[in-house]
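Below is one structure, written out as structure tokens; the observations come after it.
Just so it is clear, none of the values below were taken in a lab; they were calculated from the coordinates. All of these numbers come straight from a predicted model, not from anything done at the bench. Reconstructed Cβ throughout: ideal geometry from the backbone, glycine too, with neighbour counts over all protein chains shown.
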Amino acid sequence: MNATTKTVFAAIMSAGVAAAFVPATAVAQGANQGWYKTCTKQEDNDVCVVQNIVTAPSGQLLTAIGLIEVAGKVNRKILQVTVPTARLIQPGVGLQVDGGQAQRVEYAICMPETCVAEILLTDAMIASFKKGGELVLTSVNYQRTPNPLRISLEGFTQAYDGEPIAQSELQERQRLLQEEMTKKAEEARKKLEEAQAEAKKN
């Protein structure tokens, strides 16, 4: 990770708005949150992120994508993809729009729960997202099995060109996500207890 990337990383982490760095908390039913934009001021930088987060029914993060634009003391546009750990590093993450040529996104950093891949965000990439119907992100797990994940690009243009959601709305989203995670964890605990009780009977 070079100095510029570290600066961007620090700005985004402090801002707390990038999908690329969210923990493994999210919505149930294996759905995605749809595209939305958040913006924040971080010291001498304005950081805006257009993002989408996809989770498993258990609430585990499956992937998150963030188109990050930093303006100010640091000026940079990057695209970041977050996937769970236990991935093969060398293949990176494949990024493909509507069955077109897949583009390799190299991993930049791995943390305890997630690995983050990043690539410079270009106008051509943004245009392809706006015109496209579906985005496919493919990582390769430690068993050398590709894990493609499909994300609809519906709503991307509106999110990218529109106004960011308010901080209050972002906080409400986070509150609802946390409530849903707590509910799912409780349901999973009850099912486990019921299964254990049934096993004892047999």
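The GluC sites (Glu not before Pro) of the stretch 129-196 that meet both conditions, a loop assignment by DSSP and at most 16 other Cβ atoms within 10 Å of the site Cβ, are GLU154. Applying the Karplus relation 6.51 cos²θ - 1.76 cosθ + 1.60 with θ = phi - 60° to the stretch 119-127 yields 3J(HN,Hα) values of 8, 4, 8, 10, 4, 5, 5, 4, 4 Hz, where x marks Gly and Pro.
For the stretch 136-198, applying the loop criterion from DSSP together with a ceiling of 10 other beta carbons within 10 Å to the chymotrypsin sites (Phe, Trp or Tyr not before Pro) yields TYR142.
Using 26 Å as the Cα-Cα cut-off, could you pick out the over-long pairs in LYS77/LYS130; LYS37/LYS131; LYS131/LYS183; LYS77/LYS184?
Working: LYS77/LYS130 17 Å; LYS37/LYS131 18 Å; LYS131/LYS183 38 Å; LYS77/LYS184 36 Å.
Flagged as over cut-off: LYS131/LYS183; LYS77/LYS184.
Under the combined filter of DSSP loop state and at most 11 neighbouring Cβ atoms within 10 Å, the stretch 105-148 retains these trypsin sites (Lys or Arg not before Pro): ARG144.
Charged side chains reduced to their Cβ positions (Lys and Arg at +1, Asp and Glu at -1) give the stretch 35-121 a dipole of some 60 debye around its Cα centre. Using 19 Å as the cut-off for backbone N distance, which residues of the stretch 43-67 belong to the label zone defined by a point 7 Å from the Cα of ARG189 along Cα→Cβ? Answer for this model: 58-60. Other residues lying with their Cβ under 10 Å from the Cβ of TYR107 contribute a combined charge of -1, Lys and Arg counting +1, Asp and Glu -1.
Once the Cα-Cα distance is subtracted from the 0.36 nm per residue extended length, the ASN141 to CYS110 segment shows a gain of 9.8 nm. Potential lengthening of the chain between GLN196 and THR122 amounts to 21.3 nm, from the contour at 0.36 nm per residue minus the alpha-carbon distance.
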